[in-house]
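Any read-out appearing in this document is the output of simple, stated calculations on the displayed coordinates, not a laboratory observation. Note that the structure is predicted; figures quoted are calculated from it, not measured. A quick note on method: Cβ atoms are made from the backbone with ideal geometry, for glycine too, and the neighbour counts reach across all protein chains shown.
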Amino acid sequence: MTRTIGYLLLAGGVLAALLGIGLLVALPGLTAGGFALGAVLVIAVFVVPLEVAGIIVLTRARSEEVDDSAARVQRQILDAVKARGQVDINTLVIELQTGSEEIKAQVYRLVGLGVFDGYINWEKGILYSEDAQALHDLDVCRNCGGQIDLVGKGVLTCPYCGTEYFLSKA
């Protein structure tokens, strides 16, 4: 809808230019200087504001589409890992038709939003969903068995194998 409004504003600007210049041409006895002044006024008062508004609306529409697309990917990642308990990153890449770097970025955004708790070893490529409290109670890494202390919130990394733990609650 927003995109349609943007295109209508751009078309309105073109139409205003055509009508304004057409009216100036139709005026009898208009001098060249009067025509030029009239054309500048039509463009400045009608055409430029409509064209600028159309460009702004189209830019916002594109930005909204990008935001909507990111939110869609985040919802799908969250739904998949919550429903299955664990999900292979390559499976997400195929299901979401996006790249692994995009999946990684969206997982970090979900952690930043405080809506996902779990862990992953990016080399193995399996994302696990787990309750934050259960992760806080860990004293050994789920991947390598190394000694870890998961305190705080955010992304915490095992110093031995690099497994990342995502905690939304401290």
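So the values come out like this:
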quantity: Neighbour-count ranking [beta-carbon atoms within 10 angstrom, fewest first] of L135, L37, L27, L96; calculated: L27, L37, L96, L135
quantity: Extension reserve of the A53-Q76 stretch, reckoned as 0.36 nm per residue once the Cα distance is removed; calculated: 4.8 nm
quantity: Label-point gap, in nm, between L15 and E123 - each point 7 angstrom along Cα→Cβ; calculated: 6.4 nm
quantity: Alpha-carbon spread of the chain, three principal axes, descending order, Å; calculated: 92, 30, 22
quantity: Exposure proxy order (Cβ contacts within 10 Å, fewest to most) of S129, S69; calculated: S69, S129
quantity: Residues C144, C158, sorted so that the one with the fewest Cβ neighbours within 10 Å comes first; calculated: C144, C158
quantity: C-alpha center-to-center spacing [region 14-33, region 130-165] in angstrom; calculated: 73 Å
quantity: If the convex hull is drawn through the Cα atoms of region 79-170, its volume per residue in Å³; calculated: 84 Å³
